[in-house]
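Step one of this worksheet: look at the structure below.
The values are calculated or read from the model by the stated rules, or taken from the named source; none is laboratory data. Worth saying up front: this structure is predicted, and the values here are computed from it rather than measured. Cβ placement follows ideal geometry from the backbone for every residue including glycine, while neighbour counts extend to all protein chains displayed. Ligands, DNA and RNA are excluded from the accessible area calculation, which covers all protein heavy atoms including side chains. Shrake-Rupley method; radii C 1.70, N 1.55, O 1.52, S 1.80 Å.
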Amino acid sequence: MELLRTLVLVAALTGATVFADTNLDIPYPYNCSTRVTCSSLRLRLPNENEEFNAKFVSKDESQIFFNLTNKRGEELAFTLTAVENQRFRIIIEEHDRHRYNLEYSLEKEPNLKLFKTVTHFEGSLLAEDYENNQVVVEYTPLTISFYHDEVLETVFEGNRIIVENTEDSQAFTFAVQFPASRRLFGLHEHVDYLKLRHTADYSIDPYRLRNTDYGAMEYVLNTTRSMYGSIPVIYGFGDVTSGIFHNNAAEQWIEINNQTNNAYFMVDGGRLDLFVLLGPSLKEVVRQYIDLTGKPHLPQLWALGYHQCRWAYNTTEDVMETINNFDKYDFPLDVLWLDIEYTSERKWFTWNATSFPDPVELLEWVDSQAHRKLVPISDPHIKIDFEYNIYRELLENDYFVLDSEGRAPFVGECWPGNTSWVDYFNPAAREYYGKLHLYKNFPSTPALGGFWNDMNEPTLFDNLYERTFPFDLIHYGGVRHRDVHNIYGMLQTMSTHAGLIERDNGTLRPFILSRAYFAGSQRYANKWSGDNMGRFDDLRFSIPMALTSNLVGLAFYGADIPGFFAGATEELLIRWYELGIWLPFFRAHAANGTPRREPFLFGNETQEILRDHMKLRYKHLPYWYTVFYEHTVTGDPIVRALLYQYPEDPVGYDLNDEFLIGSDILVASVYESEATSVQVYFPDSTDFWYQITGEGYKFFEGSTWAEIPVNMTYIPVFYRSGSIIVRTTSTGRSSAYNREASLELHVVPDRENNAVTRLYIDDYESFDYVNRKEFYYVELNYQFDGEDHLTVTDLDEESIPGDVEFPSIDTVHIYERRDDGVTVKTLTEDRNGNKLSAINLFKQKKLL
């Protein structure tokens, strides 16, 4: 212990210390020309001595083994594995298997399937499975072609393989082509449009995946620069769609060639571990990927409500006054967030005794105010202070990330000053960190609804390292940070999640917000787009960022309203609330030093607009909650690009400013100042769409464009024909009101006068829906044959109501299309004069 104490003090007090925001003269962030992996490999093609050729070695029921060699005498092991549900796996590495084999990203090892036949030819091999897939492996040079139903979908181009295996570099490259695709999507997170842009003309950098914090700089828009998270997934979308997932958490640069539908990967370390997803539809490819990395559990209902945050609510009195003002001015609120100032000297799992003298009493008061929540921030860096018991215990147990020599904890600078970082790769460190969330270790109550894991890229204040860890740091087991950088933040959320499960004895669903993430993070946390700016362009890009995030499994996603940095105009603030209610995560946030901008601080006219929209969000919570539940079952996106729902409609392929919530609500953004109208495309010629915002109801035919007038009181929102939108009849102070609220049905018949929806209801907070199957999941069907009929069908025969009560349905609104517009027929009684509210729909199976 004394030796460690001495080493830490030396690191903290001498030249090893990293002072806040040092090396500002160093250009940041780095680009391709300044990163060796990209600059040395971007234009490099293997010469004839470097090209790898394959030779069959052996096979078993589900795997085929090859040896790869080149004329330089290099040898690699190549394994082709058949994975159930239209998937294959390629692993290429040295025979000694010394490269890091990534853990934690996959929810479980995937189930394998059998090869039906393996046929040898001169110079190639053909393998077929029982799912009508074929794989052709050509030996010289190595090429792997994947077919489904005899259609060539994906080609692994072995002639682009370069493998460096020295003390200085473990980088490697490979390329994949999608011959049947029209667009390439994926590679989240970037501030970019849905479609991946062409980088192979070298006019811009390749897409970079390296979890990065930009600090006080706003992040750049419309760019291939890296962001806070990294998911190395690409979908080749077309008449048939396929995809790939590179299961590797090292830094990666990906060159996109839209002329050849090719992606060229330059990877800084780890092993080549590639899943090939053969769809053949976009929906199937998305599900195939999410099945590998896992689906989330349902959030508690309150997490879908409104979240109010700023840096910072500094005192007990500030918290109480803010919550009281939401009630005074009739704004719904579920969560107030606590930024770093709630702590004692920015030591996590402590309270500032002056500002928050009795946190338990405060939390009990917060719960008494309509069961609201507080959510505090908690970062992975730990202040170096030998009087701080958490630091001392982590140090004594060797639970910190080590320096490049593996002798002492790495020391850097972050919010508390000199800090070290928890090594979440150590299972014992994860367990220790998780237990810090227990009530006995951090005084709180269940009203402390969850945690905000921030700065977990991880961030340190030094441009020399691009504000993050040097790549030569050492984790548990001797793992170099280079090989695992992009998954560090996910492991913090995994630890936090385990801690919250233990804190509440597995009774409550944890809530965690994380800035950094990797493939699989969706199992533990939701995500927001980070430190955006109060600009219309930032509002605009929040949509394609959310849509891409949903395509790669991180569905619970949103953006800070109305931009974290800078002072948004009142016009922009209104537009961002109008859009924000239609994204999964609905939170306002503001940087330190910005003016207070809680919704009750504005003039009456602005307050009315914000209040109406926030209440509209709450009225739609039954719809939101059902879509969230279905996401946990299927993996389908919550908010969807038009091409996901309508893959045969090419007009929707490049639309970034409108989107669907589930399948039945269409939203168009207003992303320009002083806009008086927006162009909206309505998909699917068999559908028509009812506008529910603005003055009076209107309908629009599918497969058409229309110019929709707007003013400051609304953005265009539409219901799809053939749908039933379930809403609450009224709203209260928080989502707790929705638990008891009666429902109303907005029935939008199709051309045959039919409409259908699904509705999911449980206790909104516990795991009883999983452990005891206590929930309702029903289908509501409307038909008109001269009379209105509305029936219910149970969709899960194994579910039981338990203590969950099916809500009453007070009102049915039926939208009727007329030549001169739309009328809405409102029913509160059945044809026999019985009040609809008195009918138990689930028991009687019929409402009309």
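Need one word for region 397-467: rounded, prolate or oblate. Basis is the Cα gyration tensor (sqrt eigenvalues a ≥ b ≥ c); a/c below 1.5 gives rounded, then a/b vs b/c decides. Oblate. Using R0 = 41 Å, the C-beta based FRET efficiency linking Thr793 and Glu431 works out to 0.35. Note on the chain: helix-only mean residue ellipticity at 222 nm, from DSSP H runs of 4+ residues weighted -39500 (n - 2.57) and normalised by residue number, equals -5500 deg cm²/dmol. Applying the Karplus relation 6.51 cos²θ - 1.76 cosθ + 1.60 with θ = phi - 60° to region 428-438 yields 3J(HN,Hα) values of 5, 5, 4, 5, 4, 4, x, 5, 4, 7, 5 Hz, where x marks Gly and Pro. Relative protection proxy for 350-356, 71-77, 418-424, from highest mean packing down: 418-424, 350-356, 71-77 (other beta-carbon atoms within 10 angstrom). Amide H contacts of Ser344 (H built 1.01 Å from N, in plane; Pro and chain starts excluded): Thr350, Trp351, Asn352 sit under 5 Å, all sequence-distant by 5 or more or on other chains. Between the residues Ser734, Gly802, Thr199, the greatest Cα displacement towards the positive end of the dipole of the chain, with unit charges on the Cβ of Lys, Arg, Asp and Glu, is found for Gly802. A simple spin-label model places the labels of Val479 and His813 5.2 nm from each other, with each point 7 Å out along Cα-to-Cβ. Taken about its Cα centre, the chain carries a charge dipole of roughly 260 debye when the Cβ of each Lys and Arg holds +1 and the Cβ of each Asp and Glu holds -1. Rounded to the nearest 20 debye, the dipole magnitude of region 455-520 is 140 debye, with +1 charges on Lys and Arg beta carbons, -1 on Asp and Glu beta carbons, and the Cα centre as origin.
Of the residues Ile761, Gly786, Leu743, the one whose Cα sits farthest toward the positive end of the charge dipole of region 742-806, with +1 on the Cβ of Lys and Arg and -1 on the Cβ of Asp and Glu, is Gly786. In terms of overall dimensions, the C-alpha atoms belonging to region 762-848 reach 51, 27, 22 Å along their principal axes, ordered largest to smallest.
In terms of packing, defined here as the mean over residues of other Cβ atoms within 10 angstrom, the peptides 579-588, 541-550 line up highest first as 541-550, 579-588.
Based on the Cβ-Cβ distance from Glu829 to Ser677, what FRET efficiency comes out when R0 is 56 Å, to the nearest 0.05? FRET efficiency, Glu829 to Ser677: 0.90. In sequence order, region 731-747 has phi-based couplings of 10, x, 6, 8, 5, 4, 4, 5, 4, 9, 6, 6, 10, 10, 10, 9, 8 Hz under the Karplus curve 6.51 cos²θ - 1.76 cosθ + 1.60, θ = phi - 60°, and Gly or Pro positions carry x. The GluC sites (Glu not before Pro) found in region 651-689 that occupy coil by DSSP, while having at most 12 further C-beta atoms within 10 Å, are Glu674. What FRET efficiency do you get for Glu167 and Asp25 if R0 is 30 Å and r is their Cβ-Cβ distance, rounded to the nearest 0.05? In this case the efficiency is close to 0.50. For the chain, with every protein chain kept in place, what is the accessible area per residue (1.4 Å probe, Å²)? Using a 1.4 Å probe on heavy atoms only, each residue of the chain averages 35 Å².
For region 335-420, the list of trypsin sites (Lys or Arg not before Pro) that fall in a loop by DSSP and count at most 16 other C-beta atoms within 10 angstrom reads Arg407. Need one number: nm distance between label points at Thr445 and Ser281, each 7 Å from Cα along Cα→Cβ, rounded to one decimal. Each label point is offset 7 Å from its Cα along the Cβ direction, giving 4.9 nm. Charge dipole (Cα centre; +1 on Lys/Arg Cβ, -1 on Asp/Glu Cβ; no other charges) of region 644-761 amounts to roughly 660 debye. Ligands, DNA and RNA left out, the 1.4 Å accessible surface of the chain is 46% carbon and sulfur atoms.
Approximating the spin labels as points 7 Å out from Cα along Cα→Cβ, the Ser368-to-Lys116 distance works out to 6.9 nm. I'd like the distance between the alpha-carbon centres of region 711-759 and region 326-353, rounded to an integer number of Å. Rounded to whole Å, the Cα centres lie 33 Å apart. Scanning residues 5 or more positions from Arg758 or on other chains, those with amide H under 5 Å from its amide H are Leu780, with H placed 1.01 Å from N in the peptide plane. Ranking Thr626, Leu102, Val651 by Cα position along the charge dipole of the chain, where only Lys, Arg, Asp and Glu carry charges on their C-beta atoms, puts Leu102 farthest toward the positive end. With 23 Å as the limit on Cα-Cα distance, the pairs of Lys373/Lys527; Lys773/Lys845; Lys373/Lys440; Lys108/Lys373 that go past it are Lys108/Lys373. The alpha-carbon of Lys195 sits under 20 angstrom from the alpha-carbons of these lysines, leaving out residues fewer than 8 places away in its chain: Lys283.
Taking θ as phi - 60° and the Karplus parameters 6.51, -1.76 and 1.60, the scalar couplings of region 460-466 work out to 9, 8, 7, 5, 4, 10, 6 Hz in sequence order, x denoting glycine and proline.
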